[in-house]
Amino acid sequence: MKKNSFIKRNLSFLLLILLFALVFISQYIMFEDYFDEKISKITKKYDKTEKLEFEEKKGFLNQFKFNQIEEVYESLTGKIPILEYHIIETPNVYSNYILTKKIKKTKDNERFFVSSDDFRKHLEILYKKGYRNISLDEYLSIMKGQTKDFRRLTPGSKLYVLTFDDATFGQFDFLTNDKGEIFIDPDCAVGIMIEFAKQHPEFKLNAAFSIDFENVPFHQREYVTKKLNLLLDYGFEILNHTYSHKSLARLYKKNPERVSEEIGKAMEMFESHLGYRVSHINKICYPNGDNSEELKEYLFNGIVYNGKEYKFVAAIDAEGPLALNPNETNFDPYAIRRIEINNHTFLTYVINAKGLYTLPPLVLRTPETEKLVKIHTNFSIDLIKIR
Ligand SMILES: [Zn+2]
């Protein structure tokens, strides 16, 4: 009796909870629809770019025409997502490695898997929502107050950086056709990005690949040299992710020379594949994100291995909060934050993240006073009428 009346009394409340649960679950079940719906909403919103170009001709000005760009940056806040991907589950990876159990996909490690289709959707959503990818080098340059590189991007863009860790499955694969010729798998990360860049003029091939030698980079021994060189040819960046992917912070505690060995050995491997182009590699990616104050200090001073000195301008962390913006005074180039990406974190911490950094919106110089008027608004209302 008592139980029944409890249910009756609280029926509407219980129904409400059930409804919330259903909505929550259906979001995951209908994930594909959810993405498509998101895209169509975003597309509608983004149509405003047409208006933007049109209005500009009629007297709206692009802030990049001014010299006092630093003034605009001063007032801006907001974070920059640095996206960290691991395994891209391509059809080839699925049938040759997952089905055959060469890769074990378990509850514990499935967060490292993103399918080719979802990766494509991520790029599409980011682009349509006004996000533009910049390189890690460009990220560092804005943190140092150098802004010249961003004239290529639409004012009001949100910025993000793409990174791939461990040179693992589905990131950069060659396939062979009937004639025995090799080609880049159009479903691997590199293949997807090459195609995406053709369709989207402001998307650049500038992702950073953190490569270690615990396994053969990208799992095709015969093509390592070709792939590493191709990455640089395309404009991608290569980061030193150490020789055997051991925790550098722990090695440092035992003996700092072990850190130099791990990094130096990797540099020698890179040099054997890239020759003089090894000089492009000037950043570290901490295995498992492990770092410490002493380790950062050690890297800052540069390392010596086999009589050679190596300098590193920055080091990236593993999972954590969004990366800092150019106005942050506590920026640490040896602990750059990143977001580990799967479909859940992508929506929560990138697409729906609050307070993201945007490139300065349009700015007006009033004719009477020659005064620069800074307008800090979001993308949808950044047009300013000239009087
Ligand atoms: Zn790693």
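Give, as residue ranges, the strands (runs of 3 or more DSSP E) completely inside the stretch 278-338 that count at least 2 residues that are away from the ligand (no atom under 16 Å from the Cβ) and touching a residue at least 12 places away in the same chain (Cβ under 8 Å). So the answer is 303-305, 308-310. Scanning the stretch 222-244 for any residue that is within 16 Å of the ligand (Cβ to nearest atom) and surrounded by fewer than 18 Cβ atoms within 10 Å (Cβ to Cβ) turns up at least one such residue.
Filtered by the rule that a residue be in a loop (DSSP other than H, G, I, E, B) and either within 16 Å of the ligand (Cβ to nearest atom) or buried (at least 19 other Cβ atoms within 10 Å of the Cβ) (or both), the stretch 245-259 gives H245, K246, S247.
Screening N342 on (1) over 20 Å from K296 (Cα atoms); (2) away from the ligand (no atom under 16 Å from the Cβ); (3) in contact with a Lys or Arg (Cβ under 6 Å, 6 or more places away or on another chain) shows it passes everything except condition (2).
Selection of first residues in the stretch 239-250 that are within 11 Å of N291 (Cβ to Cβ) and of second residues that are at pLDDT 95 or above and near the ligand (Cβ under 10 Å from one of its atoms), restricted to Cβ pairs under 7 Å at least 6 apart or on distinct chains, gives the following pairs, ordered by first then second residue: S247/P287; L248/T242; L248/Y286; L248/P287. Of the set (1) touching a Leu at 6+ places or on another chain (Cβ under 6 Å); (2) in a helix (DSSP H, G or I); (3) surrounded by 16 or more Cβ atoms within 10 Å (Cβ to Cβ), all apply to S210 but (2). For the stretch 160-187, a tally of residues being aromatic (F, W, Y) and crowded, with 21+ Cβ neighbours inside 10 Å returns 4. Residues in the stretch 254-268 that are touching a residue at least 40 places away in the same chain (Cβ under 8 Å) and touching a helix residue (DSSP H, G or I) at 6+ places or on another chain (Cβ under 9 Å): P256, V259, S260, E261, I263, M267.
Taking the conditions (1) of a type in the set (A, V, I, L, M, F, W, C); (2) surrounded by 19 or more Cβ atoms within 10 Å (Cβ to Cβ); (3) more than 25 Å from I238 (Cβ to Cβ) in turn, I98 satisfies each one other than (2).
Only residues that are surrounded by 14 or more Cβ atoms within 10 Å (Cβ to Cβ) and farther than 22 Å from G235 by Cβ were counted in the stretch 270-287, giving 2.
Of everything listed in (1) modelled with pLDDT of 80 or more; (2) surrounded by 15 or more Cβ atoms within 10 Å (Cβ to Cβ), the single unmet condition for R365 is (1). Residues in the stretch 315-333 that are at pLDDT below 95 and within 23 Å of D165 (Cβ to Cβ): 11 in all. Screening F213 on (1) away from the ligand (no atom under 16 Å from the Cβ); (2) in contact with a helix residue (DSSP H, G or I) (Cβ under 8 Å, 6 or more places away or on another chain) shows it passes everything except condition (1). Taking the stretch 223-258 as the range and being within 22 Å of S279 (Cβ to Cβ) and acidic (D, E) as the test, the residues that pass are D233, E237.
The values are calculated or read from the model by the stated rules, or taken from the named source; none is laboratory data. Predicted model, so just to flag it, every value in this text is computed and none were measured. With ideal geometry, Cβ positions are generated from the backbone for all residues, glycine too; neighbour counts draw on all protein chains shown.
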